[in-house]
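All remarks here apply to the structure that follows.
The values are calculated or read from the model by the stated rules, or taken from the named source; none is laboratory data. Model, not experiment: these values are computed from the prediction. Neighbour counts are summed over all protein chains in view; Cβ atoms, including those assigned to glycine, are modelled from backbone coordinates with ideal geometry. SASA here: full protein model, heavy atoms, side chains in, ligands and nucleic acids out. Shrake-Rupley method; radii C 1.70, N 1.55, O 1.52, S 1.80 Å.
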Amino acid sequence: MSLLLDAPVAKAAEPRRKRSLLPLLAAMLGVVGLASSAWLQAPRAASFPEIRPTAVGAPFVTVPEFGARGAHILGYQHHARVTLTVPVRNDGWLPVSVTSFTLAGGHAPLLLLSSAQGLPLSLSPGESGSLTVSGVLTNCRYFHMRALETYDGAQLGFSTLGRSVTRTVSFDRPLMVKSPMLASCPDRRIARGADSRGVLG
Amino acid sequence: MKALRRILSVAVTCALLLVGGATSALAHDERASTFPTGTGTTPTYRPYDASKPHLVVCKPTSAAAINAMTDPAVKALNKKLLPQCAFQHMQAAVDAVTAQGTNIYVLPGTYREEPSSAPPCTAGYDETAVEYARIVTCGELVSQVTIAGDDPNDPDIACDNALCRLQIEGTGQRMEDVVLRGGFDATGDFVKYNGIKADRADGFYLRNMTAELFADNAIYVHETDGYVLERVNARHNDLYGILAFTTDHGLIKDCEASYNGDSGVYPGSQADVNSTSTTTGPLSRYAVEVTGCEIHHNALGVSGTAGNSVYFHDNDVHDNAAGYVADSFVGNHPGMPQDHAWITGNRIHGNNSNYFKEFVHSGICDKKPVERGYGTGTVCPAFPVPVGTGILLAGGNYNFINANLIYDNWRAGAMLFWVPGAIRGDYEPGQQYDTSNGNHYTKNRLGFHPSGVTQPNGVDFSWDEQGVGNCWGDNVSSTGTVTDDHEVIALPDCSGSGSVSPIGNVTKTARNVPCATYDRVEEPNPVGCTWFNSPVMPANRENAPGETTPVPAGSGTTTTPPVAKPTASGGRLAATGGGLLPAAAGLVLAATIMAVHRRRRHA
């Protein structure tokens, strides 16, 4: 009886494995994801310091001690056209293009903006620019004689890296518009509640 | 836009502004007005004289009321007058006056002045401001009874027609025996803004009657030089009980004013006869004297935007939300800033009624006027004040608060703060710090009930630490030491020149500012405002003999001030997460793929 040992058999060469595309796909996905994130996050990189508005066309004064941050106070003159100068600075590290400027004020603001010059305002990082915003003092009929409408900031629309967003940017001090008495508000009715802003919306 | 609105906090105020402060003291909407020349005099009472011009007004019920009278002298006069009655309405008698110095006697009864409700001249009225010329031709636009004494075609505002020196007198035993009543129309609104209005009616004298239930003012004197309101009761009005605006040589005495949504008595824009004086303290000339009045259960007991040269003495001011308020808060008020009131010899106490909570925050004041409960105690405050304050000066100068009994006001006995000029419509930079100067608080007794028991104020004095020449001296407090709320600058004593700080404590000012946004309709409970919190009863308060521990209106439970809602963090996180999601997803997916790949390689 012989012991037969199997002779070593030469190992057949394995067929060359096809190189996987998965790592490349993964890398691409990662890159795309990072790029997408960067694009989506781009507006967050934009930074605007507080805006310090000035106004002409109606009385305007700054009272630094009135309130926690002081106040800019704009005097209401019925249907006076007011021009706000609004300096804007890009404190971010991406270029931005400011495309819109709005104030709040509900359905009948005392200061009703109508146009803004200087838009779009392109600002490189660290660059400053200025908008000229026009509006009219109106709607006093919807406010009582002691009312004070306060705007704490403005809403800037801007784009960066092709992505457009809006952001609320605070004023350095609230902008207040003082509602006038009846004698300076020709269309106000003396019936309280006759012109409630609450029913406008 | 909704988010923007939220974030930008568009606030509607009143005045306060008291911010610095509001909504009111107070003020009222009126045509552009000016001071009279000041050459007039305060009229004197004219007793009955059959030979002098007089007219008599009565109601069908007058005879029975007269027969029931118990005072022989009063009854006799009424019996003498009754046969002479030729009018059923006060306005009809006013219209019949042909000579200056006429007396109109109004016999007991309730006067609704029905012909004034909707005469033809009121058709098409758009409820905007009414100029004087139109007041002459159609005073019924705003008032039940109108006394217009000036010829609108001359350039001045002086009285020059038959209505000058008119005296209207109720003939009842009590001022409540003759009632001028407004009330409500079919729609549930007030029928009239004003009860009786004396407009450019120099020498006007009103005596011994009650006026109630009007949208604005029960008794109103306007652009008039020389007038007296004596023994009048003004109550249950949406704004003011008694209002005097751009007037001089006035006397308001022995009155009662209660349950008014703004002020019981409003001497505002009084002739600025001491505007050039830098003297605080008793002066020789005042524009109006208010004395002998009981003023209670109003939002503000007394108030006056530009309440200049008001001599307010020997009155009883109690159970209002705030007792006496003078301010420089509203524009179009001649005589700004407010100056030179003399407040002395008064009892100012228990002004802790929180009508903001009881009637505004509860929604009662949102109802139609007829449904709110006017006449049964409802008060709908039109102006914000710090509930529990005895005397509030919001932007006044050279006021003299001397020798008053000020007690049981649970927030502060007296409060003083600055209001910048821009709030009253003066935008010159140099005018922004021209208020709250030269006010003196001396020899007041604080926290002492007249019976001798102790009823402390929350603090005796509250001050924003602003102004030049303000001082406090020789005041005595039941707490042993006069209490105040100073944080940096203590109350300066009057032995020196007083305060020296044109710039105040900004932190204190900032606390007041949110309250300026109060609006009974649009912003009834401003975020961050603590004025409408019911103040806590001070420790060591003792009941006066026969008194039970008071429960002021609206103090049943503690008001929790609205808290500013933090910006929704969820929203911000969502934005951040959304931005990182592609990267995270890509990296996770890439890691997964690589892991699978490695496993397959090592399999």
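Quick notes on this structure:
- In terms of distances greater than 27 angstrom between alpha carbons, the cross-link table entries B:K59/B:K197; B:K357/B:K443; B:K253/B:K357; A:K178/B:K197 yield B:K357/B:K443; B:K253/B:K357; A:K178/B:K197.
- With 0.36 nm allotted per residue and the present C-alpha distance subtracted, the B:C121-B:H361 stretch has 82.5 nm of extension available.
- The distance between label points at B:D493 and A:R19 comes to 9.6 nm (points 7 Å beyond Cα on the Cα→Cβ vector).
- Heavy-atom accessible area order for B:H222, A:H79, largest first, 1.4 Å probe: A:H79, B:H222
- Centre separation in Å (Cα based) which lies between region B:285-326 and region A:159-195: 35 Å
- Region A:46-192, relative contact order [Cα under 8 Å, separation at least 6], %: 29 percent
- Inter-label distance, nm, simple model (7 Å from Cα along the C-beta direction), B:D314/B:N67: 4.0 nm
- Choice from A:L175, A:L121, A:L40 with maximal GNM fluctuation in chain A (Cα, 10 Å cutoff): A:L40
- Expected 222 nm ellipticity per residue - DSSP helices of 4 or more, -39500 (n - 2.57), all of chain B, to 500: -4000 deg cm²/dmol
- Solvent exposure of the protein assembly as shown amounts to 39 Å² per residue of accessible area, where only protein heavy atoms count and the probe is 1.4 Å.
- Threshold 50 Å², region B:396-434 residues less accessible with all protein chains present than alone (1.4 Å probe): B:I423, B:Y427
- Chain A: angle of helix A:22-45 to the longest principal axis, Cα-based, in degrees nearest 10: 10 degrees
- Our note on the geometry: Cα centres of region A:27-49 and region B:378-392, 55 Å apart.
- The DSSP beta bridges internal to the protein assembly as shown are antiparallel in roughly 30% of cases.
- Taking all protein chains together, B:M415, B:M336 sort by accessible area into B:M336, B:M415, largest first [probe 1.4 Å].
- Exposure of B:E114 as accessible area (Å², to 10), given a probe of 1.4 Å and all protein chains: 100 Å²
- Number of partner chain Cβ atoms within 10 Å, mean per residue of A:96-104: 2
- Taken along the Cα-to-beta-carbon direction at a fixed 7 Å, the label points for B:A32 and A:T83 span 2.7 nm.
- Close amide H contacts of B:D460 (hydrogens built in the peptide plane, cut-off under 5 Å, sequence separation of 5 or more or a different chain): B:G413, B:T483, B:D484.
- Förster radius 25 Å - calculated FRET efficiency between B:A86 and B:R46 (Cβ-Cβ, nearest 0.05): 0.85
- Förster radius 22 Å - calculated FRET efficiency between A:L200 and A:S115 (Cβ-Cβ, nearest 0.05): 0.45
- About its Cα centre, the dipole of region A:46-192 is roughly 500 debye, where the only charges are +1 on Lys and Arg Cβ and -1 on Asp and Glu Cβ.
- Residues of region B:201-224 with amide N under 15 Å of the 7 Å Cα→Cβ point at B:T39: B:202-203
- Ranked order, B:R181, A:R146 - accessible area, probe 1.4 Å, largest first: B:R181, A:R146
- Chain A, helix-only ellipticity at 222 nm - DSSP H runs n ≥ 4, -39,500 (n - 2.57), divided by all residues, nearest 500: -4000 deg cm²/dmol
- Accessible carbon and sulfur surface of region B:428-540 relative to its total accessible area, %, 1.4 Å: 55 percent
- Here A:S134 and B:A99 are evaluated by their C-beta separation; at R0 = 60 Å the FRET efficiency comes out at 0.50.
- Here the extension length gained between B:T481 and B:E131 equals 120.7 nm, from 0.36 nm per residue of separation less the Cα-Cα distance.
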